[in-house]
Structures are given as structure tokens and as C-alpha cells.
Amino acid sequence: MKEFDYIVIGSGIAGLSFALKAATRGTVALVTKRRLADSNTAWAQGGVACVVSHEDSFELHIADTLTAGAGLCNEDAVRAIVTDGPARVRELMDLGMHFDERELGNGARELDLGREGGHSKRRVLHSHDTTGREIENTLVDRLREHPQIAILENHIAVDFLTTGKLGYAVENACVGVYVLDEKTGEVETLRSDVTVLATGGCGKVYLYTTNPDVATGDGLAMAWRAGASVANMEFIQFHPTCLFHPDAKSFLISEAVRGEGAVLRDAKGRRFMEKYHPLAELAPRDIVARAIDAEMKRSGEKCVYLDITHQPEEFITSRFPSIYETCRKFGFDMTTQPIPVVPAAHYQCGGVKTDLNGETSLRGLYAIGEVASTGLHGANRLASNSLLEGMVMAHRAFEKASRNRRARVDFVLPEWRPGQAGDVDEMVVIYHNWDEIRRLMWDYVGIVRTDKRLQRAAARLRNLHAEIQEFYWNFRVSTDLLELRNLVTTASLIVDCAISRKESRGLHFTLDYPEPDDAKFLHETVIRRT
Ligand SMILES: Cc1cc2nc3c(=O)[nH]c(=O)nc-3n(C[C@H](O)[C@H](O)[C@H](O)COP(=O)(O)OP(=O)(O)OC[C@H]3O[C@@H](n4cnc5c(N)ncnc54)[C@H](O)[C@@H]3O)c2cc1C
């Protein structure tokens with residue numbers, strides 16, 4: 001058993017930000033299941049929404065966030081995260097992050113702010129179209145310099161150790177975590193009174209997603225198994241514009257492209273967004289994604305087209321260098337032709353329920369970043385609010401956790417017992433179940449839902465769950481098997497939350513109840529394992 005003052009699971013913006021702060025107060029274990037930079041954060045293109053211009057105000061950013069959230073945001077959380085933003089952005093810049101600037105004409109420069117759907121002002125700080133990669137690299141560079149941080153790459157967190165499960169009479173609390181070292185195949189026991197979950201989202205639960213392979217809902221499933229409350233998992237954001245090409249795995253065409261005037265066209269070259277919303281292409285993402293879904297279903301076409309050819313070539317290649325290059329690689333020149341796009345699962349608005357300091361309902365366990373449900377997003381996330389949330393909540397959780405620190409109690413934690421388990425004999429079963437979950441979630445629990453489809457999904461997931469549990473108990477754990485186990489749990493939590501919301505609101509749209517029902521459902525969906 002190895003002991004630390006803080007255990008951080010995940011190395012995206014939230015986990016890295018927390019770890020850097022915590023290392024000024026004590027020892028930190030940073031556990032991450034692949035390499036440090038493998039995270040959703042590294043893929044973020046658009047940028048960080050933050051009030052830094054005198055033409056903008058906190059009240060406007062708060063109002064835009066509340067509007068997107070469709071009545072379910074926690075206004076205190078929105079206010080806290082929006083108003084803490086500038087200080088956290090400044091800290092990030094002090095660590096070496098460079099956001100794009102623009103000339104003012106008189107020789108002076110200011111931050112160049114992008115505009116995205118749902119924002120009433122230009123307020124998105126960016127670094128070309130690779131903002132997330134620049135942030136990730138900045139934080140990773142600082143982290144590697146830190147002597148107090150033990151970096152455990154290729155280590156996947158398996159399950160939490162709680163006093164309840166261990167049979168202690170004290171209040172149930174998280175006291176550590178089992179982690180699998182992928183290289184040795186050994187499961188290690190890490191002990192701490194402060195464990196911070198920063199494992200990001202669950203896009204891989206769907207067949208089509210903008211998320212990288214690490215986004216399998218692990219942290220959410222672990223917290224659920226340990227008895228923490230989970231909220232609002234029915235609200236999955238589908239990004240309207242993912243590049244449509246058989247070989248382009250998960251490549252997102254940032255909303256910022258529409259922010260710079262790109263329009264959506266059907267296969268015949270006709271614009272269609274004006275039919276669906278007065279803001280047309282700049283309508284909130286759920287509306288754009290549903291409109292594209294409806295157009296594709298109506299026409300039978302496999303994609304729609306995003307057209308920014310009216311902008312000068314030089315502007316496109318300097319503002320969107322990475323998108324331009326990637327499209328070129330797949331044979332599309334976005335300066336002269338519209339790009340084929342489809343919607344894909346993008347962001348998990350719900351998650352492990354926390355307060356404004358990142359504390360979950362399980363003492364000793366904090367959750368920050370995409371894995372958490374703070375109340376910022378409500379029923380729909382405003383674009384570029386998530387990197388902001390990750391930084392702000394890392395800071396708030398750090399302040400609370402370091403204030404709360406008490407003398408450590410000497411719990412003796414049991415080592416992992418592999419028993420007689422052997423290696424999985426038929427990997428095909430694992431891959432088959434992976435595919436089946438992702439396809440059934442896409443077909444039955446996607447952008448447009450119905451009671452019947454949700455019930456079908458629930459029935460099939462129950463069977464898959466039983467099958468996968470059997471595997472889990474009978475075979476030696478591996479990353480694939482652990483991810484599959486978490487995937488089925490996460491999928492089930494999405495379905496359970498979706499079934500209980502008999503209305504349409506924000507990102508949850510069902511043909512059976514197409515309108516919002518404030519009288520019955522103007523509240524979060526909170527569930528907990530009993
Ligand atoms: C293509 C794309 C573009 C985006 N663009 C924007 C944008 O412009 N602006 C914006 O605000 N947001 C954007 N987002 C969303 C944003 O990137 C994420 O919400 C945010 O980065 C999440 O940060 P995080 O620290 O919570 O998690 P992540 O960055 O996803 O990091 C999670 C970490 O946890 C690790 N992990 C997971 N499970 C385990 C486990 N069991 N054990 C150990 N480690 C584990 C992962 O390996 C990873 O290191 C975008 C997302 C995508 C996919």
C-alpha cells in the first residue's frame with residue numbers, strides 16, 4: 001500500500017490543475033490510464049469562455065449559461081464559476097499558456113475573442129484551433145517539473161476503497177483506490193483521505209463520438225459503485241459537426257467555424273437552419289444537432305455540409321490551421337468546398353453530483369471537470385464553458401480539501417485479491433459487447449428518444465451487465481475489461497435518467513413528451529445506488 005496526501009485520477013485540465021496546486025501542500029499521486037496528454041482536454045479546439053473584455057459582463061455570461069441550461073442550472077454554481085474565471089485564466093497564463101491576441105491598430109494588442117453558439121458576446125479565448133492541446137502541454141510541462149508529484153501513467157483506477165465496504169463503523173468515506181498497472185498487470189492499493197476524480201466524460205458509450213478512446217465513463221461508474229450520488233445523465237450533448245469520412249475517427253469541426261460565419265447546407269446546397277431557429281447556425285448545439293438529424297432522416301442522406309468558402313483563404317488557414325490541414329488530409333479543401341459533417345456524442349452534462357467545492361456525497365471523494373455535475377450546465381452546456389469549469393472547480397476543490405485536512409487515520413487497506421482468475425479466454429466477447437453497447441446507445445438513446453426505445457435499451461443493458469459482471473469476477477482484470485464494465489454501467493445510468501424524465505428539455509428530447517413540463521420536471525434527476 002502506498003500513501004499520499006492527495007490522489008488525483010485523470011490528467012486533463014481538471015486533474016492537472018488540481019495536482020499542481022495540491023503539490024504545494026503535500027504529496028500527490030497522479031493516476032492516468034494512458035499517457036499524461038491522453039485526455040479530452042487535449043482535443044478541445046474552440047477555447048475557454050471567460051469574461052475578459054470591457055464590452056462583456058459577468059451578468060451576460062451568467063444569463064447566456066442559464067438560457068442554455070433550460071431551467072436546470074444551479075444559479076449559484078453558474079455565478080461562482082463565471083466570476084472565478086478571470087483569476088484562473090490569469091493563473092494559466094502565468095504558467096505559460098499563450099492565448100491568441102489581435103492588433104488594435106494603435107500598436108496595442110488585446111486577447112482575440114472568438115464567438116460561439118449561445119454566447120451573446122465574443123468571449124472565447126483560444127490558441128488558434130488547438131487551444132486544448134496548448135493548455136494540456138502547458139500543464140503537463142509544469143507537472144513534470146514537480147518533485148512532490150508521483151506520475152502513474154498507464155495506471156487505470158479500478159474501484160474506490162470505502163470505510164463502509166471495509167466494515168468500519170465510522171461514517172462512510174473514501175479512503176483509497178485500487179489501480180491496475182497495465183504494464184505489470186498488478187493491482188496496487190493507494191491510500192489517501194483526499195481522492196479527486198477528474199476522469200472526464202463518457203463519449204465512447206456512443207458509436208459516433210468526438211471523444212478520444214479514454215472517455216469511457218470510468219470515474220462515473222466507480223463513484224456510482226461506491227455509493228456517490230449521480231445527477232442528470234440524460235443530458236448528453238451531441239456536437240452537430242463531426243467530419244464525415246470513414247477514416248476520420250472522431251474529428252470535430254469546431255463551433256468556432258460557424259462562429260466565423262460558416263453555414264450548413266443540405267446535399268442540394270440549400271441552407272436549412274433558418275427553418276429551425278432565429279439564430280440559424282448559431283442556435284444552441286442541441287437545436288443544430290436535432291435539425292441536422294431531422295434533415296438527414298428526411299432526405300436519407302448520410303451527412304450535411306458546412307460551408308465557410310465565403311471567407312478569404314488566408315483567414316481560414318490562419319484561424320483554423322488544424323481543421324484545415326485535417327480536412328485536406330481527407331481530401332476536402334474547406335477554402336473552396338463545403339465539408340461533409342454529421343452529429344456525434346460530445347459532452348456529458350451530468351455526472352457525479354458535487355457541491356460548489358467539488359465535494360461528492362461520499363466523504364473524502366471530490367469530483368471535478370466533466371465527470372462532475374456541479375449545476376453549471378443544467379440541461380445543456382453552453383459552448384466552451386467546460387474548460388472554464390475544469391479550472392475553476394480544481395481551484396475550489398483544492399481550497400476546500402486543503403482546509404479540511406486532518407490527521408490521517410491508520411486504516412489498513414486490504415490488498416487486491418486476484419483469486420484463481422485467469423486471462424480472458426475469448427477477447428471476441430469483450431469486443432462484441434463493446435460494439436453492441438455503443439450501437440444500441442446510438443440507435444435507442446441518441447439525439448431523439450422514445451419510451452419504447454429506452455425500454456429496449458434498458459432490457460438489453462441488463463443482460464449485458466450480467467454477462468460482463470460474470471467476466472469481471474471470473475477473469476484477470478485488464479484495461480479492456482474494466483472499461484467495458486464501466487461502459488455498461490454508464491450506459492445504464494444514462495438510460496435510467498432518461499426513462500425517468502417524461503418531458504423534453506435541453507438535450508433530452510423524446511417524441512413521446514415533446515414539450516417541457518415545468519410542473520413535474522423542473523428539477524435535476526438525482527440517483528444513488530441503494
Ligand atoms: C473534440 C473536442 C473538442 C472540445 N472543445 C472544447 C472547447 O473548445 N471548449 C471547452 O470548454 N470544452 C471543449 N470540449 C470539452 C472539454 O475538452 C472537456 O470537457 C474537458 O477537457 C474535460 O476535462 P477533464 O479534465 O474533466 O477531463 P479529460 O480532459 O477528459 O481528462 C480525463 C482524464 O482522466 C483519465 N482517466 C479516465 N478514466 C481513468 C481511469 N479509470 N483511471 C485513470 N485515469 C483515467 C483520462 O485518461 C484523462 O487523462 C471539447 C471536447 C472534445 C472531445
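Structure above, values below:
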quantity	calculated
Residue pairs meeting the criteria (Cβ under 9 Å; at least 6 apart or on separate chains; first open to solvent by 40 Å² or more (accessible area, probe 1.4 Å) and more than 6 Å from the ligand (Cβ to nearest atom), in the range 30-44; second in a loop (DSSP other than H, G, I, E, B) and not hydroxyl-bearing (Ser, Thr, Tyr))	Arg35/Glu153; Arg35/Asn154
Hey, Ser402 of a type in the set (Ser, Thr, Tyr), assigned to a helix (DSSP H, G or I) and within 16 Å of the ligand (Cβ to nearest atom) or not	no
Criterion (more than 15 Å from the ligand (Cβ to nearest atom) and either outside any helix (DSSP H, G or I) or within 30 Å of Val175 (Cβ to Cβ) (or both)) met by exactly one of Gln311, Gln237	Gln311
Subset of the range 469-490 that is in a helix (DSSP H, G or I) and away from the ligand (no atom under 16 Å from the Cβ) - its residue that is most open to solvent (accessible area, probe 1.4 Å)	Trp473
Qualifying residue in the range 51-64 (condition: within 19 Å of the chain's Cα centre (by Cα) and open to solvent by less than 10 Å² (accessible area, probe 1.4 Å))	no
The range 414-434: number of residues that are part of a helix (DSSP H, G or I) and either of a type in the set (S, T, N, Q) or open to solvent by less than 100 Å² (accessible area, probe 1.4 Å) (or both)	6
Tally of residues being among the hydroxyl-bearing types (Ser, Thr, Tyr) and free of Cβ contacts under 8 Å to residues at least 40 places away in the same chain across the range 445-475	1
Test: Lys302 is assigned to a loop (DSSP other than H, G, I, E, B) and over 17 Å from Met334 (Cβ atoms)	yes
Any hit, the range 491-505, residues being open to solvent by less than 30 Å² (accessible area, probe 1.4 Å), hydroxyl-bearing (Ser, Thr, Tyr) and at pLDDT below 95	no
Some residue of the range 257-277 being more than 16 Å from the ligand (Cβ to nearest atom), small (Gly, Ala, Ser), open to solvent by 30 Å² or more (accessible area, probe 1.4 Å) and not in a loop (DSSP other than H, G, I, E, B)	no
Residue within the range 370-383 that is closer than 23 Å to Leu493 by Cα, part of a strand (DSSP E or B) and open to solvent by 10 Å² or more (accessible area, probe 1.4 Å) present	no
Strands (runs of 3 or more DSSP E) lying entirely in the range 99-170 (those with 3 or more residues that are under 26 Å from the mean Cα position of the chain (by Cα))	149-152, 155-162
Qualifying residue in the range 345-355 (condition: of a type in the set (Val, Ile, Thr) and within 18 Å of Gly201 (Cβ to Cβ))	yes
The lone exception for Lys249 - which of (1) under 24 Å from Arg328 (Cα atoms); (2) within 16 Å of the ligand (Cβ to nearest atom); (3) surrounded by 15 or more Cβ atoms within 10 Å (Cβ to Cβ); (4) among the charged types (D, E, K, R) it fails	(3)
The range 56-66: number of residues that are part of a helix (DSSP H, G or I) and of a type outside the set (A, V, I, L, M, F, W, C)	4
Selection count where residues are crowded, with 19+ Cβ neighbours inside 10 Å and outside any loop (DSSP other than H, G, I, E, B), scope the range 67-78	3
Residues satisfying the stated conditions in the range 177-226, i.e. of a type in the set (S, T, N, Q), in a loop (DSSP other than H, G, I, E, B), within 12 Å of the ligand (Cβ to nearest atom) and in contact with a strand residue (DSSP E or B) (Cβ under 9 Å, 6 or more places away or on another chain)	Thr199, Thr210, Asn211
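The values are calculated or read from the model by the stated rules, or taken from the named source; none is laboratory data. These numbers were taken from a predicted model, which means no experiment stands behind them. Glycine gets a Cβ as well: all are built from the backbone with ideal geometry, and neighbour counts include every protein chain shown. The area values use the complete protein model at the heavy-atom level, side chains included, leaving out ligands, DNA and RNA. Shrake-Rupley method; radii C 1.70, N 1.55, O 1.52, S 1.80 Å.
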